[in-house]
Amino acid sequence: MTGSGHFLEESLALAARLPQVDLFLSAAAEEVLPIYRLPLETFRPRFRVFRDKTASAVPVGTLYDDVYHTVVVAPATSNTVAKCAYGISDSLPTNMFAQAGKLGIPGLVFACDTEPVVVTRSPHDWVTLRPRRIELDNVERLRGIAFCQVVCSPAELEAALAARLHDLSLAWNTSSS
Ligand SMILES: Cc1cc2nc3c(=O)[nH]c(=O)nc-3n(C[C@H](O)[C@H](O)[C@H](O)COP(=O)(O)O)c2cc1C
């Protein structure tokens, strides 16, 4: 998870329906969650949570234990999209993405700034943003990165996750607890 308010709740709702998810937060994600009244404590019963507290992204070592089959970056800020597109790894999500790619583990990135006009929920109101050419170009560049699939809406994310679950012979959670 990154520090994006856009499609934050939608991404979390999908994460809750997935079997066996661990959350890897950027420092910005940890700040943004409580702003949207989603304190970290609310996730702990359901998810194992890794916080961005080390310079070298120590929790990324979990990828080498051969337990993860997919890395999902959702929602992905423009910042994280840019870093992933250019091979920069300096946060937990960007390190997870890059290391997963190097290990041949599929990555799925929910890029939020993908349209010329984006209407997003700020903590107090709805705001209209106009992503610049650079943000749109970065999304296109990211599409060319190996072991990466880019999705641009909650519906696309759900469809990509459903396809991945199907490939892995797994199923959505049916219980809400
Ligand atoms: C309340 C709040 C909401 C934000 N929402 C977004 C967003 O929807 N998209 C975005 O690209 N950045 C958003 N940001 C800015 C990012 O959090 C900021 O660029 C941060 O440096 C991203 O770091 P990360 O990519 O490592 O998570 C938001 C910031 C705040 C405080």
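FYI, it's all coordinate maths here, none of it is from the lab. What you are looking at is a predicted structure, and each value in this text was computed from that prediction instead of being measured. Positions of Cβ are backbone-derived with ideal geometry, glycine not excepted, and every protein chain shown enters the neighbour counts.
Things worth noting here:
- Kirkwood Rh in Å, taken over the stretch 1-90 so that all alpha-carbon pairs contribute: 13.7 Å
- Pairwise inverse Cα distances across the chain, averaged and inverted, put the Kirkwood hydrodynamic radius at 16.4 Å.
- Between Val67 and Glu158, the FRET efficiency estimated from the beta carbon spacing at R0 = 35 angstrom works out to 0.90.
- Centroid-to-centroid, using Cα positions, the stretch 16-83 and the stretch 133-169 are 17 Å apart.
- Using θ = phi - 60° and Karplus 6.51 cos²θ - 1.76 cosθ + 1.60, couplings along the stretch 127-141 (whole Hz; Gly, Pro as x): 10, 9, 10, 10, x, 7, 3, 4, 5, 5, 5, 5, 4, 5, 4
- Nonlocal amide H pairs with Gln149, under 5 Å, H built at 1.01 Å: Gly107, Leu108, Val109
- Cβ-based exposure ranking for Arg44, Arg121, in which fewest neighbours within 10 Å come first: Arg44, Arg121
- Under 11 Å, Cβ to Cβ, from His69 - net charge with Lys/Arg +1 and Asp/Glu -1: -1
- Zone of Asp137's modelled label, taken as backbone nitrogen in the stretch 81-114 under 15 Å from a point 7 Å along Cα→Cβ: 82-83, 85-86
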